[in-house]
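Novice: Before I ask anything, here is the structure I am working with.
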Amino acid sequence: MNACVRRVLTRALACEEFLGRVDHQVKIRGYRIELEEIMNCVYQHRSVKECLVVAREPDYTGGEKYLVAYIIMESSVVGADDVSSNHHEARARMVQELRLLLEERLPAYMVPSHFMVLDKWPLSPNGKVDRTALPSPTRGGYVSHPRVRWCVCGGACAVVRVRVR
């Protein structure tokens, strides 16, 4: 088992404390998923500069875990100062292309439910990506769901309808 186990010696009793997995393998809907495998497919898209795939817990009780792909786009695709509708259209188009690419190369249960395009990573004080500070797909940001794609920026919301197969 690839797990981080720490031995704690207490008086005459030795016990093991399970701290979690060292790798980023998660179990969603009964399937074991390697998040790096999904990230490798995401990196095959020409517009992706950096990416991180995370398994998120639902915001409500009784829900299932779901996958979210956080993406930083190449600056050549969309200018950093461009906040016009072209900027949002380019993001929506890139996410749609990315979803189609992943659907071709991965089983359906490995395709992330949401794609969020970020400008930069939230960093911890030591310079690492702070996974706990990543925005939730249900609380704003650029979101892509299989049936509806929308963009929330400064309170404005633009809905882009997508045909679902």
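Only the coordinates and a few stated rules stand behind these numbers; no lab work does. For clarity, every value in this text was computed on a predicted model and none was experimentally measured. Positions of Cβ are backbone-derived with ideal geometry, glycine not excepted, and every protein chain shown enters the neighbour counts.
Novice: If Lys and Arg each add +1 and Asp and Glu each add -1, what is the summed charge of the other residues whose beta carbon sits under 15 Å from the beta carbon of Leu123?
Specialist: So the environment of Leu123 carries a net charge of 0.
Novice: Stretched out fully, how many nm does the piece from Lys128 to Glu103 gain, at 0.36 nm a residue minus the Cα gap?
Specialist: 6.0 nm
Novice: Which far-off residues, 5 or more places away or on another chain, put their amide H under 5 Å from the one on Met73, with H placed in the peptide plane?
Specialist: Lys49, Leu118
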